[in-house]
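Written out below as structure tokens is the structure these notes cover.
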Amino acid sequence: MDAAATPGVDIRRAAARYRGGDAAAGIETRHAFSFSGFYDPDNLRFGPLTACNEELLAPGAGYAEHAHRDLEIVTWVVEGELTHRDSAGNATMVRPGDLQRLTTGALAHHVERNDGDAPLRFLQMWLVPDTPGGDTEYTVVRALAAGVDHRLPRTDATLRVARPEPGEEVPFPDAPLAELHVVRGAAHLGADRLAPGDEVRIAAPPDRRPPLTGAAPGTELLLWGLRPAA
């Protein structure tokens with residue numbers, strides 16, 4: 001099956017991401033959605049998902065304290081260590097395999113830095129909650145197990161990590177919408193091969209979705225189960 005030609009399946013290659021960041025400050029960013037100085041009215045969100053940023057921070061680089069409101073901010077470290085501090089008093093080191101979630105509520109400030117000696121690469125995904133406002137919440141799930149759905153508390157969304165062997169089929173989340181990001185390795189979606197940084201947005205019904213299988217050793221995938229935005 002040609003996934004790219006399947007109605008409701010939108011494959012977006014890593015090379016098509018918008019390039020952002022600040023090279024002079026040691027920050028490289030690749031945006032999957034409209035973000036900051038890049039605006040595309042047809043690429044604002046997919047369900048509640050409104051940002052999926054690939055971040056590369058050099059040693060010593062980072063984002064100074066800044067504010068967010070009415071977001072679920074989910075972070076997945078690919079390599080290196082992420083230092084996180086926020087206005088709720090949380091101070092954490094996040095490592096590969098850990099899932100970090102910051103529910104900003106009405107307002108939250110945080111700092112994100114690479115205080116290590118090696119480059120830091122991470123994915124950060126923003127979702128719009130069903131109900132705005134409320135208190136700030138923070139959690140880190142250490143060594144998130146593959147195949148386990150992590151549900152966000154304020155929006156009907158789940159995140160799952162999959163690490164399939166070559167040829168092993170990966171089930172999609174049981175949700176009307178699915179979003180797939182290739183973290184490392186490779187996968188096949190029908191006849192299409194997916195590489196690191198490739199993203200797929202799937203609105204096709206479950207019985208019309210091309211099969212998803214691992215295509216290389218060491219593959220890691222992130223899969224969102226989503227519902228259309230209210």
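The values are calculated or read from the model by the stated rules, or taken from the named source; none is laboratory data. Keep in mind the model is a prediction, meaning the values are calculated, not measured. Virtual Cβ from ideal backbone geometry, glycine too; neighbours counted across all protein chains shown. Accessible surface is based on the protein model in full, side chains and every heavy atom, while ligands, DNA and RNA are left aside. Shrake-Rupley method; radii C 1.70, N 1.55, O 1.52, S 1.80 Å.
Computed quantities for the displayed model
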item	result
Distance-filtered residues of region 33-73 - backbone nitrogen under 12 Å, label point 7 angstrom along LEU144 Cα→Cβ	73
Mean shadow area of region 99-149, taken as a quarter of the surface of its Cα convex hull (nm²)	5.0 nm²
Magnitude of the charge dipole, region 1-143, Cβ model with Lys/Arg +1 and Asp/Glu -1, debye to 20	200 debye
Added length on full extension, which subtracts the Cα-Cα distance from 0.36 nm per residue, LEU44 to ALA106	20.2 nm
Per principal axis, descending, Cα span of the chain in whole Å	48, 39, 34
Over region 13-121: Rg over Rh, Cα atoms, Kirkwood Rh	0.95
Over region 152-230, volume per residue of the alpha carbon convex hull, in Å³	84 Å³
Within region 127-159: backbone nitrogen closer than 12 Å to the THR92 label point (7 Å, Cα to C-beta)	137-144
For region 82-154, accessible area per residue (1.4 Å probe, heavy atoms of protein chains only), Å²	45 Å²
Region 153-230: antiparallel DSSP beta bridges as a percent of all, rounded to 5	95 percent
Built amide H within the under 5 Å cut-off of ALA157, gap 5+	LEU152
Qualifying GluC sites (Glu not before Pro) for region 73-129 [loop in DSSP, other Cβ within 10 Å: at most 11]	none
Accessible surface of region 62-121, 1.4 Å probe, proportion on carbon and sulfur as whole %	48 percent
R0 of 45 Å, Cβ-Cβ distance ASP130-ALA24: FRET efficiency to nearest 0.05	0.70
Cβ-based charge dipole, the chain, positive-most Cα from HIS68, GLY80, GLY185	GLY185
Theoretical gain in end-to-end length, ALA216 to SER36 [0.36 nm per residue, Cα-Cα removed]	61.3 nm
Interchain or long-range residues, amide H under 5 Å from ARG184's placed H	GLU220
Rounded Å value of the spacing that divides the Cα centres of region 127-154 and region 20-87	17 Å
Shape call, region 97-230: gyration tensor on alpha carbons, a/c limit 1.5	oblate
Global size of region 1-75 as Cα Rg and Dmax, reported in angstrom	14.8, 47
Total charge dipole magnitude, region 12-55, about the Cα centre, Cβ charges on Lys, Arg, Asp, Glu only, Debye to nearest 20	180 debye
